[in-house]
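Participant: Below you'll find the structure I mean.
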Amino acid sequence: CSAVSGFKNMVQGDIKDVFLNTNEFADLHTIIYDGDTYEDIPIVITGVTEKSRRKVVRDHGDRIQGFYMVTTVIHVAVSDLNGVVPEKGMKIQINDGNFFDQYTIVSCNNDLGMLRIELEAIDE
C-alpha cells in the first residue's frame, strides 16, 4: 500500500511542478464555473487550431453560414478548482486576456487529480 501511496503523492507533485508549471507548459487563466470564480490558476489549453474547426450543421442538413464549432481541451488540477469536477453539458468561461470565452463541457475526466476537460463553442 505504501508504494501506491508514494506513487500518488509523486504524481500530485508532478501535476504542479511539471505539467502545470507556468515556466514550462501552463498559463494563468481565470475560470468561471457554476457561479464560482477561480482566479489566475495554471491551465494548459490545447486544440484551438484551424483544423479543429468544422461547419455546424443543422438537424435538417442545412449549413449555417459563417459559424464553426471550435473544440478545445484544457488540463487543470482538481485542487485549483477546490475539488470541483465540472459536469458534462454545463457552461464554463475561460479568460483570454481581458475577455472571457464561453464553452460547453463535452467531457471531463479526472486522472489522479488532473482534469482533462473537452470543450466546444460556436464561433463566427
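Computed from the coordinates by the stated procedures, all read-outs in this text should not be read as laboratory data. For clarity, every value in this text was computed on a predicted model and none was experimentally measured. When we count neighbours, we look across all protein chains shown, and the Cβ atoms used for this are built from the backbone with ideal geometry, even at glycine.
Participant: Give me, ordered by chain and number, the residues 5 or more places off residue 77 or on other chains with an amide H under 5 Å from its own placed amide H.
Facilitator: Close amide H contacts, sequence-distant or interchain: 115.
Participant: Looking at the range 13-43, which chymotrypsin sites (Phe, Trp or Tyr not before Pro) are in a loop (DSSP not H, G, I, E or B) and have at most 16 other Cβ atoms within 10 Å? Mind dumping the intermediate values first?
Facilitator: Numbers: sites: 19, 25, 33, 38; in loops: 25.
Within the range 13-43, the qualifying chymotrypsin sites (Phe, Trp or Tyr not before Pro) (loop, at most 16 other Cβ atoms within 10 Å) are 25.
Participant: Would you pull out the residues with amide H under 5 Å of residue 21's amide H, same chain only if 5 or more places away, H placed 1.01 Å from N?
Facilitator: Under 5 Å from the amide H of residue 21: 26.
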